[in-house]
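Just below is one structure, and these are the notes that go with it.
Coordinate-derived values only; no laboratory data. If you're wondering where the values come from, they're calculated on a predicted model, not measured in any experiment. Cβ atoms come from the backbone with ideal geometry, glycine included; neighbour counts cover every protein chain shown.
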Amino acid sequence: MSTEHVIRETLESAYPEATFDLINESHMHSGNSTESHFKLIIVDERFNELPLISRHKDIYKNLGEVIKTFHALAIHAYTKEEYSKIAHAPKSPNCSKK
Amino acid sequence: MDIIKKIKEQISENDILLYMKGSPYEPQCGFSAKTVQALIECEAEFSYVDILSNPEIRSSLPDVSEWPTFPQLFVNGELVGGCDIVTQMHSTGELKKLIDQTTN
């Protein structure tokens, strides 16, 4: 099973009420058809009143061991209200490898 | 020295501490570079540890901080977060506020 598939399934079962978008950004780093860098935009009411750090820790905890199998996961976790106020999630940085 | 003890000392002895890949002058990862940029824009005076040249810290810090990835920013002994959190806090002005409180 692909890493992307594992992340997707894990999130679907851990955050059944959430809307999320998982984007494979590996082409910016290690090339096409690779699974090194992902970006997650997740919107869930469960994040209400949870500080950013606790939202990220919760996501890391739910993802478990799969997080160790790839290089980077950018996380943008919002409540519905926060998400409605922004136009789009921030862009990920480009690879700095020369 | 015990590596866990060393990490805990670093965190408690430095008001603003960034564990990153490379140095602020030559970051070796886009996420580390972006985090350094946010700190510089907040005029922060910060310490850093290059985890690429300290493999023991790289492997042990995630257990201490309960945070699996790098960079990791600590302010006043507390983990603030990684690149995404620091960037988001920078965009809302929270980061500058936190740093100003630390340096004053």
A correct Stokes-Einstein calculation for the protein assembly as shown, using the alpha-carbon Kirkwood radius, 20 °C and 1.002 mPa s, returns a whole-number D in µm² s⁻¹ of 122 µm²/s
Among A:H37, A:H27, A:H56, the residue with the largest mean-square fluctuation in a Gaussian network model of chain A built from Cα contacts under 10 Å is A:H27
Per-residue average of other protein chain Cβ atoms inside 10 Å, peptide B:24-32 -> 4
With label points set 7 Å from each Cα along the Cα-to-Cβ direction at A:N32 and B:S47, the distance between them in nm comes to 4.8 nm
Rounded to the nearest 5, the percent of antiparallel DSSP beta bridges in the protein assembly as shown equals 55 percent
Measuring from the longest principal axis of the C-alpha atoms of chain A, the long axis of helix A:52-63 (C-alpha) lies at a number of degrees, nearest 10, equal to 60 degrees
With bins of 5 Å, the percent of all Cα-Cα pairs of chain B per bin from 0 is 2, 14, 26, 27, 19, 9, 2, 0
Note to self: C-alpha centroids of the stretch A:26-92 and the stretch B:67-104 sit apart, in Å, by 17 Å
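How much of the DSSP beta bridge set in chain A is antiparallel, as a percent to the nearest 5? If you can, show how the numbers build up before the last one.
Working: 6 of 13 bridges.
For chain A, the DSSP antiparallel bridge percentage is about 45.
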Output field shielding_mean for B:79-90 (other chain Cβ, 10 Å radius) holds 5
For A:K68, the lysines lying under 20 Å Cα to Cα, once residues fewer than eight places off in the same chain are dropped, come out as A:K39, A:K57, B:K21
For the stretch A:14-98 (alpha-carbon point model, no solvent) the Debye-based log₁₀ I(q)/I(0) at q = 0.18, 0.21, 0.25, 0.26 Å⁻¹ works out to -0.83, -1.06, -1.31, -1.36
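Using Cβ contacts closer than 10 Å as the measure, can you line up B:C83, B:C29, B:C42 from fewest to most? It would help to have the intermediate numbers written out before the result.
On the way: B:C83 29, B:C29 23, B:C42 20.
Final ranking by Cβ density, sparse to dense: B:C42, B:C29, B:C83.
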Taking a straight Cα-to-Cα line shorter than 19 Å from A:K85, and setting aside same-chain aspartates and glutamates fewer than 8 residues away, one finds A:D21, A:D44, A:E45, A:E49, B:D84, B:E94
